[in-house]
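**Student:** Dropping the structure in here first, questions after.
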Ligand code: FES
């Protein structure tokens, strides 16, 4: 069965934004997808609680690359609290949707961003509420699925 991707997914897959490494990142988040084994790494440059720059590397499928790419655009220049509230649904909507079997791919971006912010908080001794980084319901469903 052919899978149909939106034009935005194809665009971000073929021309991903903000790809690469960052040598002087303030926070790095690396997550793996329990369902398929794909891996995503996100680097953040943070100043005054604002994400000044972001880069990512994804070893994953087209949907994972497209969602990482658009997620970096959604959080660049934004306060950390906005990045923390970015959901995988918002990422999927920004791409004009994903095929249902590919929704789990979009969870990587949300989780990698959260992991990178947690890394930044931990490295700088910044206190945060423990449940800020609790496992998302979706990750839970992937483990079960
Ligand atoms: Fe693994 Fe898409 S199949 S992230």
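**Student:** In nm², what is the average projected area of the convex hull enclosing the Cα atoms of segment 22-93? Could you put the intermediate results ahead of the total?
**Tutor:** Numbers: hull surface 18.9 nm².
Hull-based average projected area comes out at 4.7 nm².
**Student:** Where is the GNM fluctuation largest for the chain (alpha-carbon springs, 10 angstrom cutoff): 85, 68, 106?
**Tutor:** 85
**Student:** Still on this structure: Which FRET efficiency, nearest 0.05, do residue 24 and residue 123 yield, Cβ-Cβ r, R0 22 Å?
**Tutor:** On the way: r = 12 Å, r/R0 = 0.57.
That pair, residue 24 with residue 123, gives E of 0.95.
**Student:** With an 8 Å Cα cut-off and a minimum separation of 6 or more residues, compute the relative contact order for the chain in percent. Each step should come with its number before you reach the end.
**Tutor:** Values: 245 pairs, mean separation 41.2, N = 145.
Computed over the chain, the figure is 28 percent.
**Student:** Could you work out how far apart the two model spin labels at residue 17 and residue 49 are, taking each label as a point 7 Å from the Cα in the direction of the beta carbon, and quote it in nm?
**Tutor:** Label-label distance for residue 17 and residue 49, simple model: 2.5 nm.
**Student:** Stokes-Einstein diffusion coefficient for the chain at 10 °C in a medium of 1.306 mPa s, Rh from the Kirkwood formula over Cα pairs: what value in µm²/s? Please report the intermediate quantities before stating the final value.
**Tutor:** Numbers: Rh = 15.1 Å.
My calculation gives 105 µm²/s for D.
Every number in this text was worked out from the coordinates using simple rules, so none of it is lab data. In this text, all values refer to a predicted model and were calculated from it rather than measured experimentally. All Cβ positions, glycine included, derive from the backbone under ideal geometry; neighbour counts span all protein chains shown.
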